[in-house]
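Beneath this line is the structure, given in structure tokens, with notes to follow.
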Amino acid sequence: MTDVRELTCRSPYRRALWVFAVLGAAGAAVTAAAAVYSADRGGLWGVWSGVALLSALVALASLRGAVARVSADAYGLRVRTLPRRRSMPWSGIADLQIRMRNEWNHKAPDTRCVGVVLHDGRRRLLPLPRSWSSEDPEFDAALETLRALHRRHGNPRSEHLPVISHRTAGYGRLGSLGLCVLLLSGAGLAVWSISGTAAGERAWKSAVPCTARTPAAERGECLSTLPAEIERTEAGRPRNPSHLYFTGGRPLERLRVSQEAARGFRPGDRVELTLWRGEVVEVAGERHVWREHVVTPGSVAVLAALCALTAGWPGARVLLWLRRRRLPDDEVLPSELPFVGALAATALWLLPLAYLHPTGPFDSAAGTVWAAAGSLVTVSLLARAWRATRVRAPGEVPGAEEPAGQDMEVFLSARFLDPTGYNPHHFGTHIVIGGGPPAVTPHPGPGRFAAKPIPVERLTVKEVRRVRGSDGKAVPGHWHIAELDDAGRPVRLAAAPGDLTRVLGELERMRSPAGG
């Protein structure tokens, strides 16, 4: 191995970044001056201000990337960014990690960064090196240099390189917690406004036409009418507003209506406007009638329920993280989809109940029974989700099936994670056991079409472990990984715990003299 003494990482695009920084700063200065000039003369001050802000942001982002630098030598790491400089000696660094960013989409390229774990538990993310590809020789070489310097001058925890992603225990959950709190706050505000919405709906339903004896102070609570003539209509696109314009700007210049209403009225139509609490709530003509939508307490209650149920998704992620916070940083957590399924089933009974009984389910016997039965269903589903997301230790097989007969073919969902002669180009999705030697197949059967036999005489089981971040995004979090030795070459086999036990048992049986 080459004796590496130091490493310096800078952005390969720093010249272009400096150009963008200078252009952004110049653009911000020019547009800011234009905004001040426009403000004095009543011009497009807001437009110029927005352009100036955008140019300033481009300049700052470019300058941040241009000045970023990471240096490593026998002393430790030195990180320079736009706001500050930081030094970290190797003696204070416990581990180096790969942190995956922006990997929610399986088709999108991964962003790989280098993370530093200090002995006191704090974590730092290095601005460089950084890669947007799973195969980047420059990134891999820089990372290996950092690890070599750490081994030579520091005290690493282990030789294992953790890979941290949004599926692993070491990934922060602050964003999920913030989203959960935000959604629950929205649900609380919606619940708080239900009583006011119900009072407004009752007032609207009980409103009567105004009379000559109605006092002026009370005319806002009754219905008053005014004649008007439509000058022209403006039917916007589905997501754009539509308007009615009135002749002479009386009693108002224009009124925002639905697209259907804008198409239903014609220029020159004489209409009658109905006003309530100072707002137009109805436009009635010979060919069309438009009425303002009145928010009902049921719709507000449904909105509150939707916000609360949606908050359960990030809440489930936080719960799983808290439940397994003592796992190694790179071990994959179970999926939160069982909890999402329970929340979806809850929505089937909660949303209709919220719409029909917005002020509370206990105002009638039917609502009470409905809420009690639905709550029991939800509790049972959440209990099942809690059991389904339990992290099982390697070797713990819940409800494993009995081994199939030697003459019966059984196709198990399992895959080798490394390309081999019996798994070229990762083509295998299943392993067939029984009825012959174990083989890798690209289909769940029946038949052994395109199957490739597994050389069981070369394979030796080294260990069985949980899924790690380095195993890839396509491996489910509840599966286990068997580390195998294929004639000196490490090979990984992934499958559900029960299926993996059956496959390994079959491999062991075929290796024995009686099985062979």
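Among the conditions (1) in contact (Cβ under 8 Å) with a residue 60 or more places away in the chain; (2) within 16 Å of Glu506 (Cα to Cα); (3) open to solvent by 40 Å² or more (accessible area, probe 1.4 Å), Ile431 misses just one, which is (3). I'm trying to understand the selection: among the residues of the stretch 328-351, which are farther than 30 Å from Met100 by Cα and open to solvent by less than 50 Å² (accessible area, probe 1.4 Å)? Matches in the stretch 328-351: Ala345, Thr346, Ala347, Trp349, Leu350, Leu351.
Among the residues of the stretch 68-79, those identified as open to solvent by less than 70 Å² (accessible area, probe 1.4 Å) and either among the acidic types (Asp, Glu) or over 31 Å from the mean Cα position of the chain (by Cα) (or both) are Ser71, Ala72, Asp73, Ala74, Gly76, Leu77. Put simply, of Glu508, Glu483 the only residue that is in contact with a strand residue (DSSP E or B) (Cβ under 9 Å, 6 or more places away or on another chain) and under 15 Å from Phe416 (Cβ atoms) is Glu483.
For Asp418, the conditions (1) modelled with pLDDT of 90 or more; (2) touching a strand residue (DSSP E or B) at 6+ places or on another chain (Cβ under 7 Å); (3) of a type outside the set (Lys, Arg) are fulfilled apart from (1). You will find that of Arg325, Arg287, the residue that is loosely packed, with under 13 Cβ neighbours inside 10 Å, modelled with pLDDT under 85 and under 30 Å from Arg173 (Cβ atoms) is Arg325 and no other. Within the stretch 440-457, being within 12 Å of Val503 (Cα to Cα) and either in contact (Cβ under 8 Å) with a residue 40 or more places away in the chain or open to solvent by 70 Å² or more (accessible area, probe 1.4 Å) (or both) holds for Ile454, Val456. Within the stretch 215-249, if we keep just the residues that are closer than 16 Å to Gly264 by Cα and of a type in the set (Ser, Thr, Tyr), the residue that is surrounded by the fewest Cβ atoms within 10 Å (Cβ to Cβ) turns out to be Tyr245. If the condition is being hydroxyl-bearing (Ser, Thr, Tyr) and modelled with pLDDT of 90 or more, then the stretch 468-506 contributes no residue at all.
Considering the stretch 198-214, and only residues there that are in a helix (DSSP H, G or I) and of a type in the set (A, V, I, L, M, F, W, C), the residue that is most open to solvent (accessible area, probe 1.4 Å) turns out to be Trp204. Would a scan of the stretch 297-317 turn up a residue that is modelled with pLDDT under 90 and either over 41 Å from the mean Cα position of the chain (by Cα) or open to solvent by 50 Å² or more (accessible area, probe 1.4 Å) (or both)? No, the conditions are met nowhere in the stretch 297-317.
The set of residues in the stretch 266-284 that are open to solvent by 40 Å² or more (accessible area, probe 1.4 Å), among the charged types (D, E, K, R) and touching a strand residue (DSSP E or B) at 6+ places or on another chain (Cβ under 9 Å) comprises Arg266, Arg270, Glu272, Glu282. Out of Ser185, Ser133, Ser195, Ser176, one residue alone is open to solvent by 20 Å² or more (accessible area, probe 1.4 Å), at pLDDT 90 or above and either in contact with a Lys or Arg (Cβ under 6 Å, 6 or more places away or on another chain) or of a type in the set (S, T, N, Q) (or both). It is Ser185.
Just one residue in the set Pro424, Pro437, Pro497 is more than 24 Å from Val391 (Cα to Cα) and either in contact (Cβ under 8 Å) with a residue 60 or more places away in the chain or open to solvent by 60 Å² or more (accessible area, probe 1.4 Å) (or both); that residue is Pro437.
A Cβ distance below 7 Å, combined with a sequence gap of six or more or placement on separate chains, defines the contacts here; from the stretch 268-291, residues that are within 21 Å of Glu201 (Cβ to Cβ) reach residues that are open to solvent by less than 40 Å² (accessible area, probe 1.4 Å) and part of a loop (DSSP other than H, G, I, E, B) in the pairs Trp276/Ala207. Taken over the stretch 467-491, the criterion of being under 31 Å from the mean Cα position of the chain (by Cα), open to solvent by 50 Å² or more (accessible area, probe 1.4 Å) and charged (D, E, K, R) is satisfied by Arg468 alone.
Need at least 1 residues that are in contact with a His (Cβ under 8 Å, 6 or more places away or on another chain) per element, so show me which strands (runs of 3 or more DSSP E) inside the stretch 428-516 make the cut, counting only ones lying wholly within it.
Per the criteria, 430-433, 439-441, 459-466, 489-495.
The values are calculated or read from the model by the stated rules, or taken from the named source; none is laboratory data. Bear in mind that the values here come from a model prediction, so they are computed numbers and not experimental data. Please note: Cβ atoms are built from the backbone with ideal geometry, for glycine as well, and neighbour counts cover all protein chains shown. Please note that ligands, DNA and RNA were not included when accessible areas were found on the heavy atoms of the full protein model with its side chains. Shrake-Rupley method; radii C 1.70, N 1.55, O 1.52, S 1.80 Å.
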